[in-house]
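Here the structure comes first, spelled out in structure tokens, and everything after it is commentary.
The values are calculated or read from the model by the stated rules, or taken from the named source; none is laboratory data. All values derive from a computational prediction rather than experimental measurement. Note: ideal-geometry Cβ built from the backbone for every residue, glycine included; neighbour counts use all protein chains shown. The area values use the complete protein model at the heavy-atom level, side chains included, leaving out ligands, DNA and RNA. Shrake-Rupley method; radii C 1.70, N 1.55, O 1.52, S 1.80 Å.
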Amino acid sequence: MLGEFLQYLFSGLTSGAIYALVGLGFALIYNASHVINFAQGEFVMLGGMGTVFIAAAGVPLPLAGLLAVLLATVVGFALEKLAVEQTRNASVVTLIIITIGASIFVRGGAQVAFDKQFHTLPSFSGDTPINILGATITPQSLWVLGITVVIVLLLQYFFTRTLLGKAILATSHNPMAARLVGINVNAILLMSFGLSAALGAVAGILITPITSTNYEVGIMLGLKGFCAAILGGLGSGFGAIAGGVILGVAEALGAGYISSEYKDVIAFVIILAALFFMPSGLFGKRGTDRV
Amino acid sequence: MLLDVKGLKSGYGRIEALHGIDLSVNKGELVALVGANGAGKTTFLRALSGVQGVTAGTIRYAGEDITRASPQKRVTLGISQVPEGRQVFGPLTVEDNLRLGAFKRRGEDPAADLERMYGLFPILKKKRLDAAGTLSGGQQQMLAMGRALMAHPDLLLLDEPSMGLSPLLVGEIFNIVQMLKEQGVTILLVEQNAYAALAIADRGYVLETGTITLTGAGTDLLANDQVRAAYLGM
Ligand SMILES: Nc1ncnc2c1ncn2[C@@H]1O[C@H](COP(=O)(O)OP(=O)(O)OP(=O)(O)O)[C@@H](O)[C@H]1O
Ligand SMILES: [Mg+2]
């Protein structure tokens, strides 16, 4: 009984951590620019697919991963420079459509540059499962959880202890005042997109040994990350993490105790319920006062 | 001459709000810019800081043409603004707001500057770890001034610092403005509160719907019949 429950919990926490990373990407960009970036999932895809193909070209795996993160970051920069910055005064709906267009473009590009097959990566440290109270957890799941925790702590440090992190918060709260103190708002936006892309790519690399990847993998992961961000309250970093974990665990428990066919349905039921009963999410604040 | 503006035009979309402003500020001067609601005072200050587009004219600062310079460049050159409505970073702490004021000087240790601000505005020290959004209007005004001063400005642009404050607080703010002038900061003070502003100013300009209509020594403007009728209710 306990073993079964723990088994579902571990699997839920693992996918929850991934959703949290993708959700954090949404939150970062939303905070800096009030754009909901529906191309977020493509960064996840670029991380996984990029690593596979760069490694296939003979580059050692860790370096391939690093290069894939850089590739995604550059695509994030390009998205901000070419699409978002050029249309700064456009309506939110226009900007959302632009990011959807960008995601289709990136996916098409990946299909051509890479291929349409499924690919996987070797687990970072073997596949020997670890037994915990009658359940097993794979070393790769521990990698996912561990790296997610480290990233969250780094982000926490960045936003609460560094002036640059606070400049991002200040820009999100009041861009005009931020410019008046000499913050280069365009540079802040660029940085947010780059950071967010890097986060997505890391998530994509971490999850590939478990679920494998292909050029379309960003669609579902992007949606799940979006759900995590919405559930936690758009723009709240803490909310995105909580939303991701809740979503992942609920999915895994639902799949385990009800039916795995409902796994994706559960995510969308939760998000609809959340939007209906708590329009600003678990940790979101109303109005423009959000951090 | 520290600031020299010639023929400045600016607006919003097709609506022109400033129709060619000529205005100058000498080093060490306190210059008041007064005018009614919607005259274009805020638009003018924003243009000086580079956060509002300019369609014609030039802005020279310390001999350099900065008409097209970025806002951050202007802060580095020594122009700081205390914006209308304070615009503090509400969710951040008082001290973080002050630190962000020194954003262009990051890398330098802000400790001495922070102490200076806390000496100038003791209430901010007491509230240093509170979210700026929880401060009263007067306290936010002090914070906005402290934030601007953290940049070590040579030219301080003040947009209606007395707006919405009690008479007691207005007096306090104007005392600080005078003190800053005595410390050598050049100040361009925008006010609807024309009497208080002109009383402490070396020179003044009267702005009416985007055009400068009068200029002269502060005391002369105070005595001017036109000004008395239009702005002082006398
Ligand atoms: N964001 C904006 N979009 C369109 N028009 C604007 C905008 N801001 C100001 N205006 C217009 O520009 C003109 C000048 O406004 P501005 O805010 O500069 O005046 P002001 O002298 O600062 O007024 P106040 O004393 O009320 O602060 C006004 O007619 C105003 O309606
Ligand atoms: Mg104004």
Just to be sure I understand, how many residues within the stretch B:56-92 are more than 10 Å from chain A (Cβ to nearest Cβ), small (Gly, Ala, Ser) and under 17 Å from B:Lys104 (Cβ atoms)?
3
Unique residue being touching a residue at least 24 places away in the same chain (Cβ under 8 Å), among the β-branched types (Val, Ile, Thr), surrounded by fewer than 16 Cβ atoms within 10 Å (Cβ to Cβ) and not in a helix (DSSP H, G or I) when the list is A:Thr136, A:Thr128
A:Thr136
Kindly provide the set of residues from the stretch A:154-171 that are open to solvent by less than 10 Å² (accessible area, probe 1.4 Å), more than 7 Å from chain B (Cβ to nearest Cβ) and touching a residue at least 12 places away in the same chain (Cβ under 8 Å), ordered by number.
A:Ile168, A:Thr171
Could you identify the single residue in A:Val75, A:Val92 that is of a type in the set (A, V, I, L, M), open to solvent by 70 Å² or more (accessible area, probe 1.4 Å) and touching a residue at least 40 places away in the same chain (Cβ under 8 Å)?
A:Val92
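Can you tell which of B:Val31, B:Val54 is away from ligand 2 (no atom under 15 Å from the Cβ) and within 21 Å of B:Asn193 (Cα to Cα)? Quick ask: steps written out before the conclusion?
Details: B:Val54 fails: within 21 Å of B:Asn193 (Cα to Cα).
Criteria check complete, one pass: B:Val31.
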Any pair with Cβ under 8 angstrom, 6 or more apart, that starts in the stretch B:29-55 at a residue that is farther than 16 Å from B:Lys6 by Cα and within 13 Å of chain A (Cβ to nearest Cβ) and ends at one that is near ligand 2 (Cβ under 8 Å from one of its atoms) and part of a strand (DSSP E or B)
B:Thr42/B:Asp159; B:Thr42/B:Val190
So, in the stretch B:11-28, exactly how many residues are away from chain A (no Cβ under 14 Å) and without any contact (Cβ under 8 Å) to a residue 24 or more places away in the chain?
3
Exactly one condition in (1) surrounded by fewer than 22 Cβ atoms within 10 Å (Cβ to Cβ); (2) more than 18 Å from A:Arg107 (Cβ to Cβ) is not met by A:Leu28; state its number.
(1)
So, restricting to helices (runs of 4 or more DSSP H) that lie completely within the stretch B:1-110, which ones have at least 1 residues that are buried (at least 22 other Cβ atoms within 10 Å of the Cβ) and within 16 Å of ligand 1 (Cβ to nearest atom)?
B:41-49
For A:Ala240, state whether it is over 21 Å from A:Thr160 (Cβ atoms), under 12 Å from the mean Cα position of the chain (by Cα) and not β-branched (Val, Ile, Thr).
no
A:Leu195, sole failed condition from (1) within 18 Å of B:Asp96 (Cβ to Cβ); (2) of a type in the set (A, V, I, L, M, F, W, C); (3) open to solvent by 40 Å² or more (accessible area, probe 1.4 Å):
(1)
What strands (runs of 3 or more DSSP E) lie completely within the stretch B:136-215 and have 1 or more residues being within 16 Å of ligand 1 (Cβ to nearest atom) and open to solvent by 40 Å² or more (accessible area, probe 1.4 Å)?
B:203-208
